[in-house]
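The values are calculated or read from the model by the stated rules, or taken from the named source; none is laboratory data. Quantities reported herein were computed from a predicted structural model and do not represent experimental measurements. All Cβ positions, even for glycine, are placed from backbone atoms using ideal geometry, and neighbour counts span all protein chains on display.
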Ligand SMILES: Cc1ncc(COP(=O)(O)O)c(C=O)c1O
(Lines give C-alpha, C1' and ligand atoms only; values in the text may rest on other atoms or scores of the structure.)
Protein backbone atom coordinates (compact mmCIF):
# COMPACT_ATOMS: atom_id res chain seq x y z
CA UNK A 1 0.00 0.00 0.00
CA UNK A 2 1.35 3.43 -0.92
CA UNK A 3 0.77 5.48 2.25
CA UNK A 4 -0.80 8.95 2.10
CA UNK A 5 2.31 10.18 3.86
CA UNK A 6 5.42 8.95 5.62
CA UNK A 7 8.70 10.17 7.08
CA UNK A 8 12.00 10.30 5.26
CA UNK A 9 15.00 9.31 7.39
CA UNK A 10 18.51 9.83 6.02
CA UNK A 11 21.89 8.48 7.10
CA UNK A 12 22.64 11.94 8.45
CA UNK A 13 19.55 11.68 10.69
CA UNK A 14 20.72 8.30 11.98
CA UNK A 15 24.22 9.66 12.61
CA UNK A 16 22.78 12.63 14.52
CA UNK A 17 20.70 10.34 16.75
CA UNK A 18 23.62 7.93 17.26
CA UNK A 19 25.82 10.77 18.46
CA UNK A 20 23.36 11.57 21.24
CA UNK A 21 22.92 7.91 22.13
CA UNK A 22 26.67 7.66 22.67
CA UNK A 23 26.81 10.87 24.73
CA UNK A 24 26.21 11.43 28.45
CA UNK A 25 22.74 12.93 27.99
CA UNK A 26 19.91 11.21 26.18
CA UNK A 27 17.39 13.50 27.85
CA UNK A 28 17.52 16.99 29.40
CA UNK A 29 20.87 17.77 27.79
CA UNK A 30 21.88 20.63 25.53
CA UNK A 31 20.47 19.18 22.28
CA UNK A 32 16.91 20.27 23.08
CA UNK A 33 18.00 23.88 23.59
CA UNK A 34 19.91 23.77 20.31
CA UNK A 35 16.84 22.41 18.51
CA UNK A 36 14.62 25.09 20.07
CA UNK A 37 17.06 27.82 18.99
CA UNK A 38 17.28 26.45 15.46
CA UNK A 39 13.50 26.37 15.07
CA UNK A 40 13.21 29.91 16.50
CA UNK A 41 15.93 31.20 14.15
CA UNK A 42 14.22 29.55 11.22
CA UNK A 43 10.69 30.89 11.85
CA UNK A 44 12.00 34.13 13.42
CA UNK A 45 10.37 33.84 16.83
CA UNK A 46 11.99 35.01 20.05
CA UNK A 47 11.20 31.93 22.14
CA UNK A 48 10.48 28.23 21.69
CA UNK A 49 9.52 25.47 24.11
CA UNK A 50 9.86 21.95 22.70
CA UNK A 51 7.74 19.14 24.11
CA UNK A 52 6.88 15.49 23.54
CA UNK A 53 3.99 16.29 21.14
CA UNK A 54 2.00 19.12 19.59
CA UNK A 55 -0.87 17.93 21.78
CA UNK A 56 1.22 18.68 24.89
CA UNK A 57 2.32 22.01 23.40
CA UNK A 58 -1.30 22.99 22.71
CA UNK A 59 -2.20 22.07 26.29
CA UNK A 60 0.54 24.14 27.91
CA UNK A 61 -0.11 26.98 25.45
CA UNK A 62 -3.73 27.12 26.66
CA UNK A 63 -2.59 27.01 30.29
CA UNK A 64 -0.03 29.75 29.67
CA UNK A 65 -2.88 31.88 28.30
CA UNK A 66 -4.78 31.12 31.49
CA UNK A 67 -7.62 29.12 29.95
CA UNK A 68 -9.92 28.01 32.77
CA UNK A 69 -13.06 25.92 33.22
CA UNK A 70 -15.48 28.81 32.72
CA UNK A 71 -13.73 29.96 29.54
CA UNK A 72 -14.51 29.22 25.90
CA UNK A 73 -12.17 28.25 23.07
CA UNK A 74 -13.14 28.32 19.40
CA UNK A 75 -11.53 26.37 16.62
CA UNK A 76 -12.48 24.56 13.40
CA UNK A 77 -14.02 21.08 13.34
CA UNK A 78 -11.99 20.18 10.25
CA UNK A 79 -8.90 19.31 12.24
CA UNK A 80 -7.37 16.61 14.36
CA UNK A 81 -9.11 16.29 17.74
CA UNK A 82 -6.04 17.75 19.51
CA UNK A 83 -6.96 21.26 18.26
CA UNK A 84 -10.06 21.12 20.49
CA UNK A 85 -8.96 18.70 23.21
CA UNK A 86 -6.46 21.26 24.53
CA UNK A 87 -9.44 23.29 25.78
CA UNK A 88 -11.05 20.28 27.41
CA UNK A 89 -7.85 19.49 29.35
CA UNK A 90 -8.32 22.91 30.96
CA UNK A 91 -12.01 22.24 31.58
CA UNK A 92 -13.01 24.94 29.07
CA UNK A 93 -15.89 24.73 26.59
CA UNK A 94 -15.22 24.28 22.86
CA UNK A 95 -17.19 25.74 20.00
CA UNK A 96 -16.55 25.46 16.28
CA UNK A 97 -16.29 27.88 13.36
CA UNK A 98 -17.07 26.71 9.83
CA UNK A 99 -14.44 26.35 7.10
CA UNK A 100 -14.19 28.12 3.79
CA UNK A 101 -15.29 25.73 1.00
CA UNK A 102 -12.34 26.72 -1.20
CA UNK A 103 -9.37 27.01 1.17
CA UNK A 104 -10.62 24.36 3.67
CA UNK A 105 -9.30 26.74 6.35
CA UNK A 106 -11.29 28.74 8.89
CA UNK A 107 -13.98 30.86 7.20
CA UNK A 108 -13.24 34.38 8.37
CA UNK A 109 -16.70 35.65 7.39
CA UNK A 110 -18.33 32.96 9.49
CA UNK A 111 -15.95 33.80 12.33
CA UNK A 112 -16.90 37.47 12.14
CA UNK A 113 -20.65 36.74 12.00
CA UNK A 114 -20.34 34.36 14.95
CA UNK A 115 -18.36 36.90 16.99
CA UNK A 116 -20.91 39.62 16.20
CA UNK A 117 -23.89 37.62 17.36
CA UNK A 118 -22.21 36.16 20.48
CA UNK A 119 -23.00 37.78 23.84
CA UNK A 120 -20.00 39.50 25.40
CA UNK A 121 -19.73 37.00 28.26
CA UNK A 122 -19.79 34.08 25.81
CA UNK A 123 -16.99 35.30 23.56
CA UNK A 124 -13.96 33.00 23.19
CA UNK A 125 -10.87 33.57 25.29
CA UNK A 126 -8.78 31.71 22.74
CA UNK A 127 -9.13 31.03 19.03
CA UNK A 128 -7.10 28.06 17.74
CA UNK A 129 -6.41 28.72 14.06
CA UNK A 130 -5.41 25.62 12.09
CA UNK A 131 -3.27 26.06 8.98
CA UNK A 132 -4.88 23.15 7.20
CA UNK A 133 -2.53 21.00 5.08
CA UNK A 134 0.13 23.66 5.64
CA UNK A 135 -1.75 26.43 3.80
CA UNK A 136 -1.79 29.52 6.04
CA UNK A 137 -5.19 30.78 7.17
CA UNK A 138 -6.12 34.43 6.62
CA UNK A 139 -4.17 35.67 9.62
CA UNK A 140 -4.25 39.40 8.88
CA UNK A 141 -8.06 39.46 8.88
CA UNK A 142 -8.23 37.20 11.93
CA UNK A 143 -5.75 39.44 13.75
CA UNK A 144 -8.03 42.45 13.19
CA UNK A 145 -10.89 40.51 14.78
CA UNK A 146 -8.61 39.54 17.67
CA UNK A 147 -7.96 43.23 18.38
CA UNK A 148 -11.67 44.05 18.19
CA UNK A 149 -12.98 41.12 20.26
CA UNK A 150 -9.93 40.72 22.49
CA UNK A 151 -9.34 37.00 22.18
CA UNK A 152 -5.94 35.30 22.13
CA UNK A 153 -4.71 33.34 19.14
CA UNK A 154 -2.89 30.01 19.12
CA UNK A 155 -1.90 28.95 15.63
CA UNK A 156 -2.17 25.19 15.33
CA UNK A 157 0.66 25.04 12.83
CA UNK A 158 1.10 21.28 13.16
CA UNK A 159 1.07 21.02 9.34
CA UNK A 160 2.82 24.27 8.61
CA UNK A 161 6.55 24.32 9.41
CA UNK A 162 8.06 26.20 6.48
CA UNK A 163 4.79 27.82 5.37
CA UNK A 164 4.80 31.58 4.86
CA UNK A 165 2.47 34.56 4.59
CA UNK A 166 4.41 36.84 2.26
CA UNK A 167 7.90 36.70 3.76
CA UNK A 168 6.81 35.81 7.27
CA UNK A 169 7.16 32.23 8.34
CA UNK A 170 4.29 30.71 10.27
CA UNK A 171 5.67 30.50 13.79
CA UNK A 172 7.00 34.07 13.79
CA UNK A 173 3.72 34.89 15.61
CA UNK A 174 3.27 38.16 13.73
CA UNK A 175 -0.50 37.74 14.02
CA UNK A 176 -0.80 35.51 17.08
CA UNK A 177 0.25 34.93 20.66
CA UNK A 178 1.64 31.47 20.07
CA UNK A 179 2.19 28.92 17.33
CA UNK A 180 2.44 25.16 17.78
CA UNK A 181 4.17 22.70 15.42
CA UNK A 182 4.01 18.91 15.40
CA UNK A 183 6.92 16.61 14.62
CA UNK A 184 4.86 13.44 14.25
CA UNK A 185 6.29 11.27 11.41
CA UNK A 186 3.90 12.45 8.68
CA UNK A 187 4.56 16.13 9.41
CA UNK A 188 6.99 18.38 7.41
CA UNK A 189 9.84 17.19 9.65
CA UNK A 190 9.83 14.56 12.37
CA UNK A 191 11.31 13.83 15.78
CA UNK A 192 9.21 10.59 15.93
CA UNK A 193 6.96 12.23 18.53
CA UNK A 194 7.38 15.87 19.42
CA UNK A 195 6.14 19.40 19.25
CA UNK A 196 7.17 22.97 19.88
CA UNK A 197 5.39 26.19 20.83
CA UNK A 198 6.92 29.44 19.60
CA UNK A 199 6.11 32.92 20.90
CA UNK A 200 7.52 36.41 21.19
CA UNK A 201 6.13 36.86 24.69
CA UNK A 202 8.57 36.16 27.50
CA UNK A 203 5.89 35.57 30.17
CA UNK A 204 4.27 32.83 28.05
CA UNK A 205 7.67 31.30 27.38
CA UNK A 206 8.63 31.18 31.06
CA UNK A 207 5.29 29.65 32.04
CA UNK A 208 5.39 27.03 29.30
CA UNK A 209 8.94 26.04 30.25
CA UNK A 210 7.75 25.35 33.77
CA UNK A 211 4.52 23.63 32.72
CA UNK A 212 6.34 21.12 30.51
CA UNK A 213 8.54 20.12 33.46
CA UNK A 214 6.19 19.57 36.44
CA UNK A 215 5.85 23.31 37.09
CA UNK A 216 9.49 23.42 38.21
CA UNK A 217 12.01 26.21 37.71
CA UNK A 218 15.74 26.18 38.39
CA UNK A 219 16.09 29.89 37.64
CA UNK A 220 17.23 31.78 40.72
CA UNK A 221 15.73 35.02 39.38
CA UNK A 222 12.27 33.41 39.45
CA UNK A 223 12.49 31.80 42.90
CA UNK A 224 9.92 32.72 45.55
CA UNK A 225 12.43 31.63 48.21
CA UNK A 226 15.82 33.13 47.67
CA UNK A 227 17.81 29.94 48.15
CA UNK A 228 20.91 29.79 46.01
CA UNK A 229 22.16 26.21 46.11
CA UNK A 230 22.80 23.56 43.50
CA UNK A 231 20.43 21.13 45.27
CA UNK A 232 17.53 23.61 45.19
CA UNK A 233 14.64 23.94 42.73
CA UNK A 234 11.11 25.24 43.02
CA UNK A 235 7.77 23.88 41.87
CA UNK A 236 5.58 26.92 41.39
CA UNK A 237 2.75 25.48 39.26
CA UNK A 238 1.09 22.13 38.71
CA UNK A 239 2.87 21.03 35.55
CA UNK A 240 3.50 17.82 33.65
CA UNK A 241 6.28 15.72 32.26
CA UNK A 242 5.87 16.85 28.65
CA UNK A 243 9.61 17.02 27.96
CA UNK A 244 11.16 16.26 24.60
CA UNK A 245 14.31 14.14 24.91
CA UNK A 246 17.72 14.75 23.34
CA UNK A 247 17.39 11.78 20.99
CA UNK A 248 14.26 13.29 19.46
CA UNK A 249 15.83 16.75 19.37
CA UNK A 250 18.91 15.36 17.55
CA UNK A 251 16.64 13.86 14.91
CA UNK A 252 14.80 17.19 14.66
CA UNK A 253 18.02 19.18 14.15
CA UNK A 254 19.10 16.92 11.33
CA UNK A 255 15.62 16.83 9.76
CA UNK A 256 15.38 20.63 9.87
CA UNK A 257 18.34 20.90 7.51
CA UNK A 258 16.19 19.17 4.86
CA UNK A 259 12.90 20.96 5.55
CA UNK A 260 13.00 23.33 2.57
CA UNK A 261 14.02 20.51 0.25
CA UNK A 262 11.21 18.26 1.54
CA UNK A 263 8.59 20.99 1.20
CA UNK A 264 9.76 21.66 -2.37
CA UNK A 265 9.40 17.96 -3.17
CA UNK A 266 5.85 17.97 -1.79
CA UNK A 267 5.03 21.08 -3.79
CA UNK A 268 6.32 19.42 -6.97
CA UNK A 269 4.11 16.37 -6.37
CA UNK A 270 1.02 18.55 -5.85
CA UNK A 271 1.80 20.48 -9.04
CA UNK A 272 2.03 17.18 -10.92
CA UNK A 273 -1.34 16.03 -9.55
CA UNK A 274 -2.90 19.34 -10.58
CA UNK A 275 -1.49 19.05 -14.07
CA UNK A 276 -2.45 15.43 -14.73
CA UNK A 277 -5.83 15.51 -13.00
CA UNK A 278 -7.06 18.81 -14.41
CA UNK A 279 -10.45 18.89 -16.16
CA UNK A 280 -11.77 16.10 -13.94
CA UNK A 281 -14.69 16.66 -11.53
CA UNK A 282 -12.39 17.15 -8.57
CA UNK A 283 -11.36 20.21 -6.61
CA UNK A 284 -8.00 20.95 -5.02
CA UNK A 285 -7.44 23.25 -2.02
CA UNK A 286 -7.37 26.88 -3.17
CA UNK A 287 -4.06 28.44 -2.27
CA UNK A 288 -3.90 32.16 -1.52
CA UNK A 289 -1.43 33.97 -3.78
CA UNK A 290 0.72 35.64 -1.13
CA UNK A 291 1.07 32.40 0.88
CA UNK A 292 3.39 29.49 0.48
CA UNK A 293 2.11 26.14 1.69
CA UNK A 294 4.05 23.16 2.99
CA UNK A 295 1.67 20.80 1.12
CA UNK A 296 1.65 18.59 4.18
CA UNK A 297 -1.51 17.01 2.76
CA UNK A 298 -2.94 16.91 -0.74
CA UNK A 299 -6.73 16.86 -0.43
CA UNK A 300 -9.07 16.54 -3.37
CA UNK A 301 -12.82 16.98 -3.16
CA UNK A 302 -14.59 14.55 -5.48
CA UNK A 303 -17.81 15.50 -7.22
CA UNK A 304 -19.55 12.29 -6.17
CA UNK A 305 -22.95 13.37 -7.48
CA UNK A 306 -21.58 13.77 -10.96
CA UNK A 307 -19.79 10.43 -10.75
CA UNK A 308 -22.84 8.71 -9.24
CA UNK A 309 -20.68 6.85 -6.76
CA UNK A 310 -20.75 6.78 -2.97
CA UNK A 311 -17.86 8.10 -0.92
CA UNK A 312 -17.23 4.69 0.65
CA UNK A 313 -17.24 2.97 -2.70
CA UNK A 314 -14.79 5.46 -4.20
CA UNK A 315 -12.55 5.22 -1.14
CA UNK A 316 -12.49 1.41 -1.10
CA UNK A 317 -11.84 1.15 -4.84
CA UNK A 318 -8.64 3.19 -4.45
CA UNK A 319 -7.60 1.25 -1.37
CA UNK A 320 -8.05 -2.00 -3.29
CA UNK A 321 -5.58 -0.60 -5.81
CA UNK A 322 -3.08 -0.19 -2.96
CA UNK A 323 -3.37 3.57 -2.71
CA UNK A 324 -3.52 4.43 0.98
CA UNK A 325 -5.83 7.40 0.73
CA UNK A 326 -7.23 8.88 3.90
CA UNK A 327 -9.76 11.37 5.26
CA UNK A 328 -8.61 14.58 6.94
CA UNK A 329 -10.79 15.12 8.93
CA UNK A 330 -13.97 13.81 10.42
CA UNK A 331 -15.59 16.88 12.01
CA UNK A 332 -14.45 16.99 15.62
CA UNK A 333 -17.99 17.72 16.84
CA UNK A 334 -19.19 14.41 15.33
CA UNK A 335 -16.96 12.40 17.68
CA UNK A 336 -18.92 10.59 20.41
CA UNK A 337 -16.94 12.39 23.12
CA UNK A 338 -18.02 15.81 21.80
CA UNK A 339 -21.56 14.63 21.02
CA UNK A 340 -21.93 13.70 24.67
CA UNK A 341 -20.81 17.14 25.80
CA UNK A 342 -23.22 19.25 23.79
CA UNK A 343 -25.63 19.17 20.85
CA UNK A 344 -23.24 20.82 18.41
CA UNK A 345 -24.96 22.13 15.28
CA UNK A 346 -23.59 20.71 12.02
CA UNK A 347 -21.59 23.25 10.04
CA UNK A 348 -22.53 23.32 6.37
CA UNK A 349 -19.15 23.70 4.69
CA UNK A 350 -17.46 21.34 7.13
CA UNK A 351 -20.11 18.69 6.40
CA UNK A 352 -19.91 19.18 2.60
CA UNK A 353 -16.15 18.95 2.79
CA UNK A 354 -15.79 15.77 4.79
CA UNK A 355 -18.34 13.87 2.70
CA UNK A 356 -16.25 14.28 -0.44
CA UNK A 357 -12.63 14.88 0.62
CA UNK A 358 -9.80 12.40 0.27
CA UNK A 359 -6.10 12.86 0.97
CA UNK A 360 -3.96 11.40 -1.78
CA UNK A 361 -0.30 10.48 -1.22
CA UNK A 362 2.24 13.27 -0.86
CA UNK A 363 5.60 12.84 0.82
CA UNK A 364 9.27 13.32 -0.03
CA UNK A 365 10.54 10.12 -1.52
CA UNK A 366 7.31 9.27 -3.39
CA UNK A 367 8.76 7.85 -6.62
CA UNK A 368 7.75 9.12 -10.05
CA UNK A 369 6.62 5.61 -10.93
CA UNK A 370 4.24 5.49 -7.97
CA UNK A 371 3.06 9.04 -8.64
CA UNK A 372 2.21 8.12 -12.23
CA UNK A 373 0.44 4.97 -10.99
CA UNK A 374 -1.68 7.00 -8.53
CA UNK A 375 -2.64 9.51 -11.22
CA UNK A 376 -3.52 6.85 -13.78
CA UNK A 377 -5.58 4.83 -11.29
CA UNK A 378 -7.43 7.89 -10.05
CA UNK A 379 -8.05 9.18 -13.54
CA UNK A 380 -9.29 5.80 -14.80
CA UNK A 381 -11.59 5.40 -11.81
CA UNK A 382 -13.11 8.84 -12.35
CA UNK A 383 -13.41 8.46 -16.14
CA UNK A 384 -15.07 5.05 -15.74
CA UNK A 385 -17.88 6.79 -13.82
CA UNK A 386 -18.40 9.74 -16.12
C1 LIG B 1 -3.85 19.87 13.13
C2 LIG B 1 -3.19 19.00 14.17
N3 LIG B 1 -3.11 19.46 15.43
C4 LIG B 1 -2.51 18.74 16.39
C5 LIG B 1 -1.97 17.50 16.13
C6 LIG B 1 -1.34 16.73 17.25
O7 LIG B 1 0.00 16.50 16.98
P8 LIG B 1 0.86 15.47 17.84
O9 LIG B 1 0.63 14.11 17.27
O10 LIG B 1 2.28 15.92 17.68
O11 LIG B 1 0.40 15.56 19.25
C12 LIG B 1 -2.04 16.99 14.85
C13 LIG B 1 -1.48 15.66 14.56
O14 LIG B 1 -1.89 14.92 13.72
C15 LIG B 1 -2.67 17.74 13.84
O16 LIG B 1 -2.75 17.30 12.58
Residue satisfying all of: in segment 161-173; part of a strand (DSSP E or B) and under 13 Å from residue 198 (Cβ atoms); nearest to the ligand (Cβ to nearest atom) among these: 169
task: List the number of the failed condition for residue 31; all other conditions in (1) within 16 Å of the ligand (Cβ to nearest atom); (2) surrounded by 24 or more Cβ atoms within 10 Å (Cβ to Cβ) hold.
output: (1)
- request: Go through segment 174-226 and give me each residue that's assigned to a loop (DSSP other than H, G, I, E, B), surrounded by fewer than 22 Cβ atoms within 10 Å (Cβ to Cβ), in contact (Cβ under 8 Å) with a residue 40 or more places away in the chain and more than 12 Å from the ligand (Cβ to nearest atom).
  value: 177, 200, 201
- request: Considering (1) free of Cβ contacts under 8 Å to residues at least 24 places away in the same chain; (2) closer than 19 Å to residue 175 by Cα, say which one residue 139 fails and leave the rest.
  value: (1)
message: Restricting to segment 273-291, give me the number of residues that are assigned to a helix (DSSP H, G or I) and touching a helix residue (DSSP H, G or I) at 6+ places or on another chain (Cβ under 6 Å).
response: 1
- line: Log entry, pairs with first residue in segment 1-17 being farther than 18 Å from residue 256 by Cα, second being assigned to a strand (DSSP E or B), beta carbons closer than 6 Å, six or more apart or on different chains, reads 1/324; 2/323; 2/324; 3/324; 4/324; 4/326; 4/359
- prompt: For segment 64-84, does any single residue satisfy the condition of being touching a residue at least 60 places away in the same chain (Cβ under 8 Å), more than 30 Å from residue 377 (Cα to Cα), more than 16 Å from the ligand (Cβ to nearest atom) and in contact with a helix residue (DSSP H, G or I) (Cβ under 8 Å, 6 or more places away or on another chain)?
  reply: yes
field: Unmet criterion (only one of (1) within 15 Å of the ligand (Cβ to nearest atom); (2) surrounded by 22 or more Cβ atoms within 10 Å (Cβ to Cβ); (3) over 12 Å from the mean Cα position of the chain (by Cα)) for residue 52
entry: (2)
Flag for residue 31 being in contact with a helix residue (DSSP H, G or I) (Cβ under 9 Å, 6 or more places away or on another chain), in a helix (DSSP H, G or I) and either assigned by TED's automatic domain parsing to the domain that holds residue 146 or in contact (Cβ under 8 Å) with a residue 24 or more places away in the chain (or both): yes
